[in-house]
Structures are given as C-alpha cells and as structure tokens.
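Just dropping this structure here.
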Amino acid sequence: MGTVLEYSALPAAALRDRIHARKAALNAVILGHNYQRVEIQEVSDYLGDSLGLSQEAADTPADVIVFCGVHFMAETAKILSPDKRVLMPDLRAGCPMADFVTATALRRLKAEHPDAAVVAYVNSTAEVKAESDICCTSSNAVRVVESLPREQPIIFVPDRNLARYVEERTGRDNIIAWDGYCYVHDDMVLDELARARAAHPQAIVVVHPEARRELLDAADLVTSTSGMVDLAERHDAVIFGTERGLVDRMKQRFPLKTFVPLSGAAVCGNMKLNTLAKLAWCLDHGQHEVVLPEDVRSGAERALRRMLDLSGGWRAPTAEEEGLELAGVRPRGCGCA
Ligand code: SF4
C-alpha cells in the first residue's frame, strides 16, 4: 500500500497491529502529546507535554522517534536528540502560535532593543529558538524570567498571554511581548466559564496560562497541562480550560469523575491532523523526517539547554511544586506548561 488514503480504508485494529509490528521492527518509540486524538494516545509509548516528551526522546534507547504532536515539538526532539531519526505522521501539523514569529522578524525587534534578552516559549520554531537567549515552558516561565537581571528588558515570544501572566507574577514592567497567541486558548470566553461553573458548581476551574487574562482572573487555578493531569488524579470534579484532548484522556482514565471542558470549541485542529492511518503510513514509509541545519539546531539547543540547566533538568512539576493548594480554599495558581 502506498497512500495514506489506502491506509485509511483499513479497520482500526489492523492499523494498530501494523503500528506495533513496525515499531518493533524499527526499534521506534511513539511519543504522543496530551492533545492528540484518544486513538493516538492509546498507541503511544509516552504521553505528556512537548518538553517532557522531548526529554523522553533524549533518554530513549530507540533508534527512531515518531512524534505525534505538532512541528515545533518534533523539532525540539531533534534538537535534543540529533543522532536519532525523528518522524512526524503529517508535516502539515504545525502550531499557529509558533508561526506568529519568524527569525527575521525577531532579529528586527532585537535590533530595536539591543540590550534586551530574548525568552522564547518552547512553542516556537527552531530558527526562533536559535535567535533567543533562553527558552521557557509555561511551567517554568516565571522562574526563567526571574533568572534574568531585573533591570534588563526582555523580549518574550511568541505568546502575549503567557508574557502578561509572567509580567504579573514577576512584577516586571520591562517585558516586550510579541503579539502572538494560541487560538484554542485565546478563544475561550468568560460566558463559557460561567456556564460550566453553573452546571458543575462542585467543580474547580483550572485554566491554562495561554488563555486571556480575564479567564485567568476568573479561574480557581492557573496551571500547565502537566499540572492539570496532577489535579485530575486528586480531584473528583474539574472544569478544564484547555484543549479537549487532555479532557478526553482524563475522562477515559477516571470514568467515574466529573471532568468537563470549559469550552466545547477548544479543539486544536492542527494536533488532530495526526490519525492512526497516517501513523501506520509514517512507520511503513519512514516519513516525514524532521531535518534541521546544524547551525540552527545547535543554536536552538543552546537556548534549550540554558533553560534545562536552570531547572536542573526537566520533569513535570507536581501540583504542590507549582504552589497549588488542593483542598478547601480556592487558590490562585502559579505554574503552567
Ligand atoms: S493548542 Fe495552541 S499552542 Fe498547542 S499546538 Fe494548537 S495552536 Fe499551537
């Protein structure tokens, strides 16, 4: 069989068998992001957020990494694991937020602010990371910014909402925020939050920091997808202000708990481009391979390693480590990812 269309005609069970067999033959590992379709999550060897998965990629003894996520995530795996083959089932699975900023545009802004340090959210291209001083995730963005001299201006790319959140948390007034955003999180609105709360008054409301400020202000907690997974394990009722894929996975893991999405429309179409048929095709054909010019890869690795060194390596923070109290009062959260 040659085309994805032909693979799409196969039953899911046949695709799963094929995926498992090819994975073993290639000594491959499948990494699935929290926002992937449930059927992709089911065949993934590891699930998590972008950086956690890239750390898995760096540590794995596998020869081939198949990244089921979006393009910048597969790039990050390649940056940290240059000797491994990194494959994506669909090259069109990009991240619109990452695409808000290009290396050329960033170079122009840097020229206007020659004293500024550049902090790049991991949701950015390898070229943009290579132009940056340090990367951050939403769970360590506050710590990363606090590691820089307080008087030094900071160019923060590409997420304006995360930049404003960090500004508020650090009390800095010298953050120059790029005007990018994630359409999935930025589109969530207060009315949806109010409706979900009215329908599930016993549930806590947790929102990702890529959402708008008014949503963060109205939430009980602000935290990363990793923090949300931790909360789901410990709470019986949660309204999740993030992409539906995470909510679907938590509902599957805890069918007796009340887990609802804050917004039914919070679906990342880019993440959902990956399907079982494309994954089986990708393993059979060894495509699509992620390749980076070495100067870009090494420049991006420098910014990523600086962040990792600051954190003493990376792992998903627990809710306690993010500063969230889990019982009784409704705390305002802190960390993110
Ligand atoms: S959910 Fe948002 S940040 Fe994540 S891949 Fe989709 S558009 Fe990009």
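The values are calculated or read from the model by the stated rules, or taken from the named source; none is laboratory data. The structure presented is a predicted model; accordingly, all values stated were derived computationally and were not measured. Positions of Cβ are backbone-derived with ideal geometry, glycine not excepted, and every protein chain shown enters the neighbour counts. Note: accessible area is taken over every heavy atom of the protein model, side chains too, but ligands, DNA and RNA are not part of it. Shrake-Rupley method; radii C 1.70, N 1.55, O 1.52, S 1.80 Å.
Sticking with the crude label model, points 7 Å out along Cα→Cβ, report the distance from R234 to R108 in nm, one decimal please.
4.6 nm
Tell me, what is the FRET efficiency for R253 and D295 to the nearest 0.05, using R0 = 30 angstrom and their Cβ-Cβ distance as r? Can you show the working numbers first?
On the way: r = 42 Å, r/R0 = 1.42.
That gives a FRET efficiency of 0.10.
To the nearest µm²/s, what D does Stokes-Einstein give for region 174-311 at 10 °C and 1.306 mPa s, using the Kirkwood radius over alpha carbon pairs as Rh?
Values: Rh = 17.5 Å.
In µm²/s, the coefficient rounds to 91.
Per residue, how much accessible area does the chain have with a 1.4 Å probe, in Å²?
On a per-residue basis, 40 Å².
Picking from A74, A24, A62, which is most flexible by a Gaussian network model of the chain using Cα springs under 10 Å?
Top of the fluctuation ranking is A24.
What distance in nm separates the simple spin-label points at E39 and D173, each placed 7 Å from Cα in the Cβ direction?
Reported label-point gap for E39 and D173 is 5.5 nm.
Taking a cut-off of 19 Å between Cα atoms, list the lysines near K110, but don't count ones fewer than 8 places away on the same chain.
K129
From the helices alone, meaning DSSP H stretches of at least four residues, give me the mean residue ellipticity at 222 nm for the chain, per-run term -39500 (n - 2.57), in deg cm²/dmol to the nearest 500.
Taken over the chain, the calculation gives -12000 deg cm²/dmol.
Show me the three semi-axes of the equivalent ellipsoid for region 184-261, from the C-alpha gyration tensor (sqrt of 5 times each eigenvalue), largest first, rounded to whole Å. Don't skip to the answer; put the middle values down first.
Details: eigenvalues 67, 36, 23 Å².
So the equivalent ellipsoid measures 18, 14, 11 Å along its semi-axes.
Contact order normalised by length for the chain, with contacts defined as Cα pairs under 8 Å and 6 or more residues apart; what percent is it?
Normalised by residue count, the contact order of the chain is 23 percent.
While we're here: Within region 184-261, what whole-number % of the accessible surface is contributed by carbon and sulfur, with the 1.4 Å probe and all protein chains included in the calculation? If you can, show how the numbers build up before the last one.
Working: 1460 of 2920 Å².
C and S fraction of accessible area: 50 percent.
Assigning unit charges at the beta carbon (Lys, Arg +1; Asp, Glu -1) and nothing else, what dipole magnitude in debye, to the nearest 20, does the chain show about its Cα centre?
Dipole about the Cα centre, nearest 20: 460 debye.
Among V247, V296, V119, determine the one that fluctuates most according to a GNM of the chain built with springs between C-alpha atoms less than 10 Å apart.
In the Gaussian network model the winner is V296.
Next question. Restricting attention to the alpha-carbon atoms of the chain, what are Rg (one decimal) and Dmax (integer), both in Å?
Cα radius of gyration and Dmax of the chain are 19.6, 60 Å respectively.
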